[in-house]
Amino acid sequence: MTLLLDESPLRAIQRWLWVLSTGGTLLDGFAIFVLGVAMPLIIAEFHFNPDVVGLIGASLVFGAVFGAGIGGPMADYLGRKPLMLADMIIVCAGAAVSALAKGPAMLFIGQLLVGVGVGIDFPVSSSYVSEVLPKRSRARMMVATIACQSVGMLLAAAITLALLKNVIALLFVLLRLSEPDSPHWLMSRGRLAQAAQAFIRIMPEQREGVLQLASDAANQSLASSVAPARSLGMAILFSRAYRARTVLVAVPWFLMDIATYGVGLFTPVILGAVDISGLGGGVIAQDFADARGSAAIDLFLLLGFLLGIWAVPRFGRIRMQAIGFAGMAFGMLLLIIAVRLSNSPAGAGHIPLVFTGFILFNLLMNAGPNSTTFTLAPILFPTQLRATASGFAASIAKIGATFGVFVLPILKGKFGVLAVLGMVVAVSVLGLVVTLVFGREDTED
């Protein structure tokens, strides 16, 4: 049955199941963008010091640390579908709390809940996509899943936060009720009859063959070969067999998220620091100019993912990840030059460098590590360990994201924007090194 699925053409129902799997990444990008645009207004309204700004910014990704950490093992134990429903309900609850927030405490709690839901969805949706799609389409569609993070950012640039986030999360809850659970996971738990029904949902024209295979599985000798797998637990990720793979799927993602979430959340703040508008005016006018600049820059996040959908299957995950980290470092070096020019008497020429640096960073980040890190764990680990490994990697990544969004405003407040850009260069170069050293582990399990 697995072979039938792996070798099948990509069907309409599989495309629909992929759409249902994009909710977490789409809402992640949406929430990051809107919170980033709102941050200068929040600072101006409440006069928060950098530590409080960092805590509010970190609430979303800190929640994702917890969500990803528990979501992966729970999905390996309970199945993919129950967790894909639960996480959208949690996002709905968090969005409602955020919409009703009257101060920083409620906003922190609301964004924390949204982060928990998004964090759960990352390992579950990536595992589900890898298990319901044919092998030849798997890499491309998994990159497309994480690409929806940029779609969410673009939606956020145009539409109100609270209303749409509630509507999107509720919509995904209702639509996901009809999806089948992962047939790979059902087989790994010995639930062959349910696995057969899930396969039939995905491949209805193979109904007779699937039912015959399920009937043959009633034979005791065959049934014993697919006996329910025991939960392997997270400790096995650090065994000799999987240790290097665990480093490859977790550490580059950790380093990338320091840069991705830090720069993504505070793009309007960084643009304000280098004065892209060249105009005076109040806080609202300046924030509007920075938000428009940020929206234009974030368009290249989506273009980067589109490039990744084309390039990753052709050139390989490790090669694109290395190219992406190198491009991220170079883009931030251009921004460092732009900041220095903006502080000089002849600083008018810095604006093209600002946009070039951000565009290069966003384009190659999403064509490279932001596409590949999401896909590595579901590819490199077996079914019974897939969501656990994906959850661990995503949880470690969100620790990096939490570090980035908490530390960056403190660095900017104490040492200026150059310190922020320097840190992003450092983590990008380190990500490149780790990718090259451990990239040999990229072999499909």
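The values are calculated or read from the model by the stated rules, or taken from the named source; none is laboratory data. What you see is a predicted model, and the numbers here were worked out from it, not measured in a lab. Cβ: placed from backbone, ideal geometry, glycine included. Neighbour counts: every protein chain shown. Note: accessible area is taken over every heavy atom of the protein model, side chains too, but ligands, DNA and RNA are not part of it. Shrake-Rupley method; radii C 1.70, N 1.55, O 1.52, S 1.80 Å.
Run the reach check for Lys135 against lysines, Cα to Cα strictly under 24 Å, same-chain hits fewer than 8 apart removed. What comes back?
The qualifying lysines are Lys81.
What ranking do 402-408, 364-370 get when scored by the average of other Cβ atoms within 10 Å per residue, highest first?
364-370, 402-408
With a 1.4 Å probe and all protein chains kept in place, how do Asp87, Asp51 rank by accessible area, largest first?
Asp51, Asp87
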